Amino acid sequence: MDTVFGVSYDGGVVLATDQVNARSILMYQQNLDKIAELSSHSAMGVSGPNCDLVAFSEYISKNLALYELSNDGTKLSTHAQANFCRGELAKALRKGPFQVNVILGGYDEKTPTGGSLYVMDYLGSCTKAKYGAQGYASNFCLSI
């Protein structure tokens, strides 16, 4: 089912997801990649319906790559990437929302801890956290 985990520590971030695409009792796919690479130093784990998961992941990663190409190789920080992602979720909420929950993590040399993790839901809220979980297993994992 849909599960995304993220943990930040001094020096980095760990993201983990399941690879199953299933609804109800049917399992459609067992090798779905739910982590999208955003840049050389960041990635995002996404949970939600397969169509929204793939469309949103590709939309964000391609737009961040376009920004880098358009601005002479300037790379956005993890904080800026999270703000862009949150803005796109909020904008889509008023048109045709993406039913995705996102955990975005990355490493920035300019921040004192290095790794930073941002947790977003489908309504466009965003918070910086030390750890996060989205999906079916989040109730279990966050209670530990």
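The values are calculated or read from the model by the stated rules, or taken from the named source; none is laboratory data. These figures come from a predicted structure and were not determined experimentally. Note that each Cβ is placed from the backbone with ideal geometry, even for glycine, and that neighbours are counted across all protein chains shown. What goes into the accessible areas is simple: the full protein's heavy atoms, side chains included, and nothing from ligands, DNA or RNA. Shrake-Rupley method; radii C 1.70, N 1.55, O 1.52, S 1.80 Å.
Data overview
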{"read-out": "Whole-percent carbon and sulfur share, accessible surface of the chain, 1.4 Å", "value": "55 percent"}
{"read-out": "Label-point gap, in nm, between S24 and N139 - each point 7 angstrom along Cα→Cβ", "value": "2.1 nm"}
{"read-out": "Where a label projected 7 Å from the Cα of K128 along Cα→Cβ would reach, residues of the stretch 3-28 with amide N under 15 Å", "value": "8-13"}
{"read-out": "The stretch 61-116: trypsin sites (Lys or Arg not before Pro) in DSSP coil with no more than 13 other Cβ atoms inside 10 Å", "value": "R94, K95, K110"}
{"read-out": "Net charge of neighbours whose Cβ lies under 14 Å from the Cβ of S39, counting Lys and Arg as +1 and Asp and Glu as -1", "value": "-2"}
{"read-out": "Hits among aspartates and glutamates - C-alpha to C-alpha of K95 under 16 Å, sequence gap 8 or more where chains match", "value": "D52"}
{"read-out": "Estimated inter-spin distance, N50 and D33, nm [label 7 Å along Cα→Cβ]", "value": "1.7 nm"}
{"read-out": "The stretch 19-90, relative contact order in percent, only Cα pairs under 8 angstrom and at least six apart counted", "value": "19 percent"}
{"read-out": "Under the Debye formula (equal points on every Cα, no solvent term), log10 I(q)/I(0) of the stretch 1-79 at q = 0.12, 0.17 Å⁻¹", "value": "-0.41, -0.74"}
{"read-out": "Convex hull volume of the stretch 82-132 per residue (C-alpha atoms, cubic angstrom)", "value": "60 Å³"}
{"read-out": "Three-way shape label, the stretch 43-90, alpha-carbon gyration tensor, a/c 1.5", "value": "prolate"}
{"read-out": "All lysines inside 18 Å of K62 as judged from Cα atoms, apart from same-chain residues fewer than 8 positions distant", "value": "K34, K75, K91"}
{"read-out": "Whole-Å semi-axes of the chain's equivalent ellipsoid (Cα gyration tensor)", "value": "24, 19, 14"}
